Structure formats: C-alpha cells, structure tokens
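The values are calculated or read from the model by the stated rules, or taken from the named source; none is laboratory data. What you are looking at is a predicted structure, and each value in this text was computed from that prediction instead of being measured. Here the Cβ is made from the backbone with ideal geometry for all residues, glycine too, and neighbour counts use every protein chain on show.
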Amino acid sequence: MDVVVTDHHQTDENMPPAVAVLNPHRAGACYPFRGLCSAALAYKVAQAYQRRYGVAGVPLESLLDLVALATVADVVPLHDENRNFVREGLVQLSRGARCGVRALKQVAGVTRDCTAETIAFKLAPRINAAGRLDDAMLAVRLLTTDNPAEAQQLADRLEQLNRERQRIEVDIMAEALASLKDQEVPPALVLASRHWHLGVVGIVAARLVDRFQRPAIVMAINEQGIAKGSARTTGGFDLYQGLASCREMLEAFGGHPSAAGVTIRESRIAEFRTRFSEMVAGWTHDGAKIPTLHVDAEVRLDEVNLKLIQEIGSLHPFGEGNPEPTFAVTCLEVMDARTVGEKHLKMTVRQGASLPFDSIGFGMKSLLERGIPSRTPVDLAFTPELNHWNGRDRIQLRIRDVRPSVSE
C-alpha cells in the first residue's frame, strides 16, 4: 500500500518511510505558507489531485466549512490562505448546508451568522469534547451524516460531553491552583497527577498560562507511570525548541512553538521541571514577563458608532495572528456597575456629555474585586460590538481591561 502523510507540526530530519510526506515545516519544503492546519493540508492534497485527475464526486468548495472549523479550532494564524479558507467557510457554516452543522448550532445556541469567535467558543469546544472524553468518530459522524435525526442525536451527545468536560476542567484547575498555593510561582509550571483526565489537561494548561503569564505543562500519569500531557506558552517562548533541548529526558514530544504534546516517565518529572524552569528563567531573565495589552488607538466615546463597527467588520475574520482591534477610552463616569451571571462585570458608562454606553467584561466579576471603589472614574480597553437583544441591535463595549483613571 502506498502511503501519503500530511502533517503541519514542527519536525526534525527523520521522515517516515512514505511515498510522500507533505509538511511545510520539513527541511527543504518550498511551499510559501507554513501556517496551514492539517485539514487545510488535506484540502490542498485533494485540490492537487483534482487538478491532475479531474473533478471527484464532491465539489471541493463544499468542504470549506470543515477547513474553516479546523483552522480556527487549531489556532493557526489567520494569514494568507487561511483568511480565505475561513472567510468562505464561515459563509457555509452560517448557511448550515450540513444537517450536522445545523444540529450543532442548535445545541450551542447559535442563531446568527457564524464568525471565527462562533467556531472558537461555541462549535469547536463541542466537537473537541468527543475526542477528549469519548471517541472522535462521534464528531466525524456528525459532520458527515445526511440524516437529520442522527445529527440531532450526535449533537446532543456532544453537548453532554462538553458539559462533562467543563466540570472536569474546573476540578483539575482547582487542584492545579491548590498545588501552587503558598509557594513562589516558578518561571514555568510543570504539573502532573494520576487523577487527571488526559483529554482535558491541554485546556487547563492554557488557563494556567492566561492566569500566570508563563509557560505551563500539565500531564496525566497512567498506571504504568507514564505521564502524557500538553504544553502551552506565552510571550514568544518557543515550546518546541524548549522541549527539544530536554529531549534526553522525554519519551516523546512534538507540536508547535506555541503548543506541544509531551510524554515522560513519572520518575523524571522532577528533574525535567527543574531543567525546563531554568531554561524559561534564562529566557525571561527574571522568570516572568509583565503581561501587556496592546491598544490600537485611544478614542473618545462619542467616536464609537455604527460606522466604526462596520469598518472593524471589514477586517474579519479575527483570530490568531489577526486580533480584533482594541481601543482605549479614559476618564469615564461609571453610572452603574453590577455582576451578572455570577462572574461577569456589567457597567453603564459615559464620558462627559456623551450618551451612556453599556459594557460587559466576561469573567471580570465586580469592580470592588478588581480593587476599584464604586463611583471611581475608570479607563477602559475595549472592543465595540453590536449586541442583539429583544429584537434590537445596540452598541456595546466588550471590556478587555479596566483600571482607575489617573488624575492629571
């Protein structure tokens, strides 16, 4: 049997014994764009086959919804070809030509046109829940079935698995934070347990990176004493190169500069933790970088209008490598502030004589919990958006950060 391998991960010089290994990262590869995910690479193979041997039974353009799902879910940069893949794929996802996509949107509560954010926060987590907790073929069946009843049954199952994934994630995150309590946080986090679920440790690693702003590796240890897990990073530290420099301690590793997988014997975790933390400390000099938020422009609140939102919309799709614009506005009066949904900050603000604007900070809880007394003027970093509620569209400020205003 002839075998063609497609792969988009970082690689060394050793290639598998296949007829062809298609990887834009391999030595000697001349393909001009290296940011394709595996689904996009498979699409390019099908495209090349079609050009050589003629059109197959399925129009290639009808597969772009799947390419868009994978491109956003795999967090590859939305540059070059990826922008076209996602833009065209989002049109198909919004139309819902596949009954599986329609069923998935229904259980996820998606009622409007799909964006990259819809994939990242609504669709992809449910698709990924199948492989994390059960069998990835559940998602494959959902996306390929022509039977609406089967699609609904599969979508309901993915919704159930995603809720279970969320519960497990909360438990592992709590245990991970407890293990770091009452100690100085090291330059890199390397955590492992025999009680953690392998399918969820990658999400927890990403949460730890967001919280502590340093690389994190989270692993589940099996009964044979083998730890497998996921690594995530921040601030430009190259995980693949970092792991490669520790390869003699590892059973296996692979991935990208920003995300990787690792396998190690339980008996070697302690020495690996020390070596990896020393390496990260040397890279950062002081063991941690101060987290920063890039602001594209400072504006006045009366400049935030429908025209601005439409101009921002022309830059879609947003995601890795093409973030949404972030604006700053200063010296706002807080007319009202409260917590909604237990953990989200909801405020009404205005600047001078401007109209009041609603704003929402997901996961930000309350101003007091962020050390800001009530009635204190604030500065906001935000992205403006349209909030559809009760049949009306209103401009809303999605808060990226908030701080007390500095008096001049």
Original post:
Going through region 36-55 one residue at a time, which ones are within 27 Å of R26 (Cβ to Cβ) and hydrophobic (A, V, I, L, M, F, W, C)?
Top reply: L36, C37, A39, A40, L41, A42, V45, A46, A48
**OP:** Please go through region 291-319 and pick out each residue that is within 26 Å of R211 (Cβ to Cβ), exposed (fewer than 11 other Cβ atoms within 10 Å of the Cβ) and in contact with a strand residue (DSSP E or B) (Cβ under 7 Å, 6 or more places away or on another chain).
**Re:** L293
**OP:** Check whether at least one residue in region 244-265 is outside the structural domain of Q351 (by TED's automatic domain parsing), surrounded by 15 or more Cβ atoms within 10 Å (Cβ to Cβ) and over 27 Å from the mean Cα position of the chain (by Cα), and report yes or no.
**Re:** yes
**OP:** Determine which single condition T376 fails, assuming it passes every other condition in (1) in contact (Cβ under 8 Å) with a residue 24 or more places away in the chain; (2) in contact with an Asp or Glu (Cβ under 9 Å, 6 or more places away or on another chain).
**Re:** (2)
Subject >> Of residues in region 270-289 being surrounded by fewer than 14 Cβ atoms within 10 Å (Cβ to Cβ) and farther than 14 Å from V185 by Cα, the one modelled with the lowest pLDDT >> reply: H285
**OP:** Would you check which residues across region 83-133 are of a type in the set (K, R) and farther than 14 Å from A155 by Cβ and list them?
**Re:** R83, R87, R95, R112, R132
Original post:
Can you name the residue in region 221-264 that is in contact with a helix residue (DSSP H, G or I) (Cβ under 8 Å, 6 or more places away or on another chain) and among the β-branched types (V, I, T) and is also modelled with the lowest pLDDT among such residues?
Top reply: T234
Subject >> Of residues in region 159-203 being in contact (Cβ under 8 Å) with a residue 40 or more places away in the chain and touching a Phe, Trp or Tyr at 6+ places or on another chain (Cβ under 7 Å), the one surrounded by the most Cβ atoms within 10 Å (Cβ to Cβ) >> reply: A188
Original post:
For the subset of region 34-59 comprising residues that are assigned to a loop (DSSP other than H, G, I, E, B) and surrounded by fewer than 13 Cβ atoms within 10 Å (Cβ to Cβ), which member is modelled with the lowest pLDDT?
Top reply: A56
**OP:** Please go through region 349-367 and pick out each residue that is more than 29 Å from the chain's Cα centre (by Cα), surrounded by fewer than 19 Cβ atoms within 10 Å (Cβ to Cβ) and not in a loop (DSSP other than H, G, I, E, B).
**Re:** R350
Subject >> D156, sole failed condition from (1) over 22 Å from F362 (Cβ atoms); (2) crowded, with 17+ Cβ neighbours inside 10 Å >> reply: (2)
**OP:** Only one of these is out of contact with any Pro (no Cβ under 8 Å at 6 or more places or on another chain), of a type in the set (A, V, I, L, M) and at pLDDT below 95: V185, V218, V201. Name it.
**Re:** V185
Original post:
Do we find a residue being more than 24 Å from the chain's Cα centre (by Cα) and within 30 Å of H79 (Cα to Cα) anywhere in region 332-341?
Top reply: no
**OP:** Tell me which residues, restricted to region 239-275, are part of a loop (DSSP other than H, G, I, E, B) and under 24 Å from T292 (Cα atoms).
**Re:** H256, P257, S258
**OP:** Residue by residue through region 1-31, note down the ones that are without any contact (Cβ under 8 Å) to a residue 24 or more places away in the chain, closer than 18 Å to T71 by Cβ and in a loop (DSSP other than H, G, I, E, B).
**Re:** N23, P24, H25, Y31
Original post:
Is at least one residue of region 320-337 surrounded by fewer than 16 Cβ atoms within 10 Å (Cβ to Cβ), touching a residue at least 12 places away in the same chain (Cβ under 8 Å) and among the aliphatic types (A, V, I, L, M)?
Top reply: yes
